[in-house]
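What follows is a single structure, written as structure tokens, with notes after it.
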Amino acid sequence: MAQYKNIAVLTGDIVGSQNLEPGALDAGFAALVQAADWLRRTQKSEVWFDRFRGDGWQMAVSNATTAPLALALIWSGLHSLKIRTRVALALGDAQVPNSDLSASSGPSFLASGHGLEGMDRGKTLWVAPDCPLAWRSTFPLMEEIAKGWTARQAQTCDAALKSGESLNISALADKAGVKKQSIHTHLDRSGFEAFATALEALTDASTKYD
């Protein structure tokens, strides 16, 4: 059985899933799978993802430094489709037998699951009280920025997040088939600079937990 220290577990469910257009829920889960696949390919972390109970999901990353980017991509991927999710985040030791999240156990899985179940009505983010202070103070601010994204802004932010430090406006514009000014406008109006700065700070603050 694979055992990990300080594994980050994100447990969530899609908000208002019963009111989504036909096919929208599956599209949302496809976006989550794509985020997990991208993280798995590009980050120095094991990444697991699973869907459960129809509109529920769970993602886990073995390195704490990957957790901030994982949550950012969850927001950008789903907001690109005008879909919102609740998320409960916890950090701690865990066992992941045969890479099977459904059979996983440990404090981080328990805390994340209970955090989602006990989340106050109207809330969409819960960060475990024993998580780093930087996470507890900054993730809610980042969520507030993400809540204001239009679908096009979220798509642009998603592409920018995946470009990392080598943000190339011309390349983003070419890939999206739009003018560079359009990319600049979407990033400016989305508050991406502040969002990305917070993400960088959280990633740096997380290195001590790897």
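The values are calculated or read from the model by the stated rules, or taken from the named source; none is laboratory data. Quick caveat, the model's predicted, so the values are computed rather than measured. Glycine gets a Cβ as well: all are built from the backbone with ideal geometry, and neighbour counts include every protein chain shown.
Numbers at a glance
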| quantity | calculated |
| --- | --- |
| Complete set of residues in the stretch 91-128 that are among the acidic types (D, E) and part of a helix (DSSP H, G or I) | E117 |
| Search result, residues across the stretch 154-182 that are without any contact (Cβ under 8 Å) to a residue 60 or more places away in the chain and closer than 13 Å to F192 by Cβ | T156, A159, A160, S163, L167, I169, L172 |
| Cross-chain or 6+ apart pairs with Cβ under 6 Å, the stretch 1-19 first and under 24 Å from S99 (Cβ atoms), then among the basic types (K, R) and in a strand (DSSP E or B) | G12/R86; D13/R86 |
| Subset of the stretch 90-103 (residues that are surrounded by 24 or more Cβ atoms within 10 Å (Cβ to Cβ) and either over 15 Å from the mean Cα position of the chain (by Cα) or within 19 Å of V33 (Cβ to Cβ) (or both)) | A94 |
| Unmet requirement for F29, which otherwise passes all of (1) among the hydrophobic types (A, V, I, L, M, F, W, C); (2) at pLDDT below 95; (3) within 26 Å of A94 (Cβ to Cβ) | (2) |
| Residue list for the stretch 9-53, filter: buried (at least 20 other Cβ atoms within 10 Å of the Cβ), part of a strand (DSSP E or B) and out of contact with any Gly (no Cβ under 9 Å at 6 or more places or on another chain) | L10, V47, F49 |
| Some residue of the stretch 78-89 being loosely packed, with under 14 Cβ neighbours inside 10 Å and at pLDDT 95 or above | no |
